[in-house]
Amino acid sequence: MNILEFTLLVGVTSLVAGFLGALTGLGGGSVLVPVLTLLFKVDIRYAIGASLVSVIATSSGAAAAYVKEGFTNIRIGMFLEIATTLGALVGAFLATKLPTSLIAIIFGLVLLYSAYLSTHTNHDDSLVLQPDLIATRLKLDGSYPTKQGWQSYHVQNVPAGFGLMAIAGVLSSLLGIGSGAVKVLAMDRMMKLPFKVSTTTSNFMIGVTAAAGAGAYLSRGYIDPGLSMPVMLGVLLGALLGARVLTHAQPKILRLVFSGIIVLLALQMIYNGLIGRI
């Protein structure tokens, strides 16, 4: 396989990964990193570096649109970015110290948990919660647009959410994914944010978190322009196509199908990590 064929195949694979990631909300990196590692035999650290670059590109455009529509809680995003950025720097450091086989096993376990969360419903956004002292002092409460008008919400369990976001930052940089599973656990389950607010605010944060991790990977030589370019363009185009199709698709069915694919890739990553093939 020559360089042109490799670039084209990686670009098409990235397009499919970005398309599926946009349709299901799990992110293209969940498919991209295992495929690059298992199918194209790319070193997992270079695959993660390329995935982080694609995350920066895909999150930027969507984040701007969500902020304009009023869903994103910018104050929460800026506050939690402190935790995710610090975590991303720790994750990038660990990536250079941990064996690639152990990284593959951790990646597989996180994918299994992501697949589990994607098939389970979230808390009821209609519940009216009492104001939290810390959230009130930090002015984290907000409102978002609904069909019935603007609806207010109260943020809960700020310290626990901040701690989980630090873990999300570590995983994001260590594995090259948006670590949506941990962010959903932190913002949707722990901090009790409405689902649309948690997902849009998470998207707002992902680019900054990925940039911190990508910078660390770049300084260590784990970002290859020849690999990152087709990955970034493919994932970006796939995400744009997925966003257009999403309005006409059935998310529940898509999540079930994509979760099945994620489980298979996760088991492959764990198996190959255990036998030392990665």
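We did not get these values from a lab; they are worked out from the coordinates using the rules stated. Every value quoted in this text rests on a predicted model; they were computed, and no experiment measured them. Positions of Cβ are generated from backbone atoms using ideal geometry, with glycine treated the same way; all protein chains shown enter the neighbour counts.
Ellipticity at 222 nm from helices only: DSSP H runs of n ≥ 4 in the chain, each -39500 (n - 2.57), divided by the residue count, give -24500 deg cm²/dmol. Residues D43, D188, arranged from fewest to most other Cβ atoms within 10 angstrom of their Cβ, appear as D43, D188.
Can you order the peptides 267-275, 103-111 by their average number of other Cβ atoms within 10 Å per residue, highest first?
Highest-to-lowest ranking by the protection proxy: 103-111, 267-275.
Cβ crowding within 10 Å ranks K196, K147 as K147, K196, fewest other Cβ atoms first. Projecting the Cα atoms of S114, Y144, P225 onto the dipole axis of the chain, where Lys and Arg carry +1 and Asp and Glu carry -1 at the beta carbon, places Y144 farthest toward the positive end. Look at the alpha carbon pairs under 8 Å that are at least 6 residues apart: their mean separation over the length of the chain gives a relative contact order of 41 percent.
Restricting everything to alpha-carbon atoms, can you work out Rg to Rh for the range 3-274 with a Kirkwood hydrodynamic radius? Could you put the intermediate results ahead of the total?
Numbers: Rg = 17.8 Å, Rh = 18.5 Å.
Ratio value, two decimals: 0.96.
What is the calculated FRET efficiency for L8 to Q151, with r their C-beta to C-beta distance and R₀ = 41 Å, to the nearest 0.05? Show your work: numbers first, answer last.
Working: r = 47 Å, r/R0 = 1.15.
It comes out at approximately 0.30.
Output the pairs from K68/K196; K41/K183; K97/K183 with a Cα-Cα distance over 19 Å in this structure; if there are none, say none. Table pairs above 19 Å Cα-Cα are K41/K183; K97/K183. Sorted fewest first by neighbouring Cβ atoms within 10 angstrom, E5, E69, E81 come out as E5, E69, E81. Counting only alpha carbon atoms, the long axis of helix 100-118 and the longest principal axis of the chain meet at about 40°.
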